[in-house]
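The values are calculated or read from the model by the stated rules, or taken from the named source; none is laboratory data. These numbers were taken from a predicted model, which means no experiment stands behind them. No Cβ is skipped: glycine too gets one built from the backbone with ideal geometry, and neighbour counts run over all protein chains shown.
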Amino acid sequence: MGLYDSKPWTGAYDEGVGLELEIPNEPVTAGYERIRQQFPDRPAFHFFGVTWTFEQLFQGADRFARALADRDIGKDDVVAINLPNLPQWLIAQLGAARMGCWVCGISPLLQAEEMAFQLKDSGAKALVTLDPIFEHRLKSVSRDLPDLKFVVPTGILDFLPRFKQFMATLLKKIPTGKITPLPGKEVLPFMDVLKTHEPNPPRVDVSPEDVHLLQYTGGTTGVPKGAMLTHRNVLSQTVIWNTWFHMDMGKDVACSGYPFFHVGGQCAFVASLWHGATQILIPNPRDTKHIVKEIARYRPHFINNVPSLYMLLMNTPGFKELDFTSVRFATSAAAPFPVEPMKELEALIGEGRVVELYGLTETAPMITLNPTKGNKKIGSVGIPAPSTEVRLVDLETGEVQVPRGEKGELIVRGPQVMKGYWNNPGETSIAMRDHDGKTWFHTGDIAVMDEEGYFTIVDRSKDMINVSGFKVFPREVEEKLYAHPAIEVCAVLGMDNPERPGSELVKLVFQKSEAYRETPDEEVMTEIRAFCEEHMGAPKKPRVLEIVAEMPMTAAGKVDRKALR
């Protein structure tokens, strides 16, 4: 038996959490129907003071499903949703799932060509999008989308009362767009879909192995790939979530800053819905003042964010004064959480309540989690989820298992691992490989495992910097830099060394903290260079420093390394 086959992390599981999970042999939508029957009058979501019950939500979903059925959009067809976190997303996703459709989330921040690529590659037949995106992006590419036949535009404020719509538009200049006909496609505004269709969709048989989500992610070539996540993949995550975090069926309130087009947002959305939790919808996670108000108003039991959003929240007036006694857990994922800011957050929310976890789009997403009651190791991403096998293999061949304490690529197998990449057997074969007669997903992430079976993500293999033959992992350097009070957000990148072809230099890009905002840039850089001289070996020391007014972020709230490069 190999090192990882012996599962050295077994002793770290909380009481009541076993090595294996019992995942119901049903589609994830079966759980939604149970929630509808058990908690029809319970709030399903809060959105700027508007609250809908579960029965209202499912009634809306049935109307949307009926609209799809009337246009012969059904089993295995793709319905794309191109929205921030609005009530319209919940309705559209549940309605599409009711019809056995694949749901494909598209970021509202994508440009027209990027948006068109996902729509064309997926073969989407229906699209729900914002009216300004309709006017300024979709119109210019719609003729190149022959599969798309039903377009449902909607406004950010459509679910608010008229007077609130007027005031929001007046005060915040909410963008809107003009809705016009599109040649060869039917265009019907979202609110008209709900008004003109009865809540009586046909029954469609859906199996656990049917695809539920088509989640696009980057590829080895840089071209986005659609990860096919089945109902069983998604359901396994809800069972993991419930088992690990001890959700209270039909009683919890959750506040998540993850966008629904991101797999982290899908995990929070589906787990909350499947357990009858009320969701606080956050359409703009950069509006941290709004998040603070919503936490104060609804007092959630769960808060789910990326590390950068937590760091922004901690610098938002009022956040540190909030009453966090209702919060059982604040989870963090999608990017490494620097140790010092995590300790600061835990001091606010409560000891042991901040839980870092790790996952990927292709794994729906959770792979490892820190225990909720037992030993949490700040800086690590915890131990493998139940029913999940994890190994670390060498970086050269991807075949040889590495011992404890050594860096290796993390590979995984379990019920959450995707079916494969849509219409892309080449990328699927690169990511899904056979070892010992079993198929494993190669994550591309570099990690180490300690004596107790806890994993720490060192970096992405593609982000590793080669400094004259030395391997420099950006996260290790960033972790040290976050100890300097001048740095609010930072990123370490590799850049070509003009004096040594084939070698790289370490570059630091950072945003100054509030305390150093008025300090001249040259003084700050001098301090940072002195700090690096004291705390880092020669290969790791940044040779190039750059200060930015605002660090570029991805739509999911992570530092956008691609934009920085």
Cβ pairs under 7 Å, 6+ apart, first in region 395-417 and within 30 Å of VAL239 (Cα to Cα), second of a type in the set (Phe, Trp, Tyr) and part of a loop (DSSP other than H, G, I, E, B)
GLN401/TYR4
Return the residues of region 330-340 that are more than 18 Å from ASP459 (Cβ to Cβ) and touching a helix residue (DSSP H, G or I) at 6+ places or on another chain (Cβ under 6 Å); say none if nothing qualifies.
ALA330
If the requirement is being under 16 Å from the mean Cα position of the chain (by Cα) and either more than 20 Å from ARG98 (Cα to Cα) or surrounded by fewer than 22 Cβ atoms within 10 Å (Cβ to Cβ) (or both), which of these qualifies: ALA268, ALA227?
ALA227
Being surrounded by fewer than 21 Cβ atoms within 10 Å (Cβ to Cβ), in the same structural domain as MET247 (by TED's automatic domain parsing) and at positive phi is true for just one of GLY374, GLY379. Which residue is that?
GLY379
So the check is Cβ under 7 Å with 6+ separation or different chains; which pairs have a first residue in region 149-164 that's assigned by TED's automatic domain parsing to the domain that holds ILE81 and a second one that's at pLDDT below 90 and assigned to a loop (DSSP other than H, G, I, E, B)?
GLY155/THR176; ILE156/ILE174; LEU157/ILE174
Boolean, ASP72 is charged (D, E, K, R), touching a strand residue (DSSP E or B) at 6+ places or on another chain (Cβ under 9 Å) and surrounded by fewer than 14 Cβ atoms within 10 Å (Cβ to Cβ):
no
Failed condition for VAL412, given (1) modelled with pLDDT under 95; (2) under 17 Å from THR363 (Cα atoms):
(1)
Considering only region 33-70, how many residues are in the same structural domain as GLY95 (by TED's automatic domain parsing), in contact (Cβ under 8 Å) with a residue 40 or more places away in the chain and of a type in the set (D, E, K, R)?
4
Residues in region 461-475: is at least one at pLDDT below 95 and either among the aromatic types (Phe, Trp, Tyr) or closer than 25 Å to TYR13 by Cβ (or both)?
yes
Any idea which of (1) on the phi < 0 side of the Ramachandran plot; (2) in a loop (DSSP other than H, G, I, E, B) is the one GLN118 doesn't satisfy?
(2)
Tally the residues that are acidic (Asp, Glu) and touching a strand residue (DSSP E or B) at 6+ places or on another chain (Cβ under 6 Å), restricting the search to region 96-121.
0
Mind checking which residues of region 382-399 are among the aliphatic types (A, V, I, L, M), assigned to a loop (DSSP other than H, G, I, E, B) and at pLDDT 95 or above?
ALA385
GLU344: passes all of (1) of a type outside the set (Phe, Trp, Tyr); (2) touching a helix residue (DSSP H, G or I) at 6+ places or on another chain (Cβ under 8 Å); (3) buried (at least 20 other Cβ atoms within 10 Å of the Cβ) but (3)
From the options THR316, THR331, THR243, THR325, residue that is of a type in the set (Ser, Thr, Tyr), farther than 20 Å from LEU57 by Cα and buried (at least 24 other Cβ atoms within 10 Å of the Cβ):
THR331
Count - residues of region 444-456 that are of a type outside the set (Asp, Glu) and part of a loop (DSSP other than H, G, I, E, B):
2
Report every pair of residues separated by at least 6 positions or lying on different chains whose Cβ atoms are under 9 Å apart, first residue within region 187-202 and among the hydroxyl-bearing types (Ser, Thr, Tyr), second in a loop (DSSP other than H, G, I, E, B).
THR196/LEU188
Residue, farthest from VAL204 (Cα to Cα), within region 42-58, restricted to residues that are at pLDDT 95 or above and out of contact with any helix residue (DSSP H, G or I) (no Cβ under 7 Å at 6 or more places or on another chain)
VAL50
Does region 199-206 contain any residue that is surrounded by fewer than 21 Cβ atoms within 10 Å (Cβ to Cβ) and modelled with pLDDT under 95?
no
Would you list the strands (runs of 3 or more DSSP E) that sit entirely within region 457-565 and hold 3 or more residues that are in contact with a strand residue (DSSP E or B) (Cβ under 7 Å, 6 or more places away or on another chain) and under 30 Å from LEU110 (Cα atoms)?
487-496, 504-512, 544-547
Confirm whether SER236 is hydroxyl-bearing (Ser, Thr, Tyr), crowded, with 23+ Cβ neighbours inside 10 Å, free of Cβ contacts under 8 Å to residues at least 40 places away in the same chain and in the same structural domain as ILE430 (by TED's automatic domain parsing).
no
Any residue at all in region 487-502 that is within 16 Å of MET314 (Cα to Cα), surrounded by fewer than 21 Cβ atoms within 10 Å (Cβ to Cβ) and more than 27 Å from the chain's Cα centre (by Cα)?
no
When (1) surrounded by fewer than 22 Cβ atoms within 10 Å (Cβ to Cβ); (2) over 23 Å from ILE91 (Cα atoms) are applied to ASP252, the one that fails is (2)
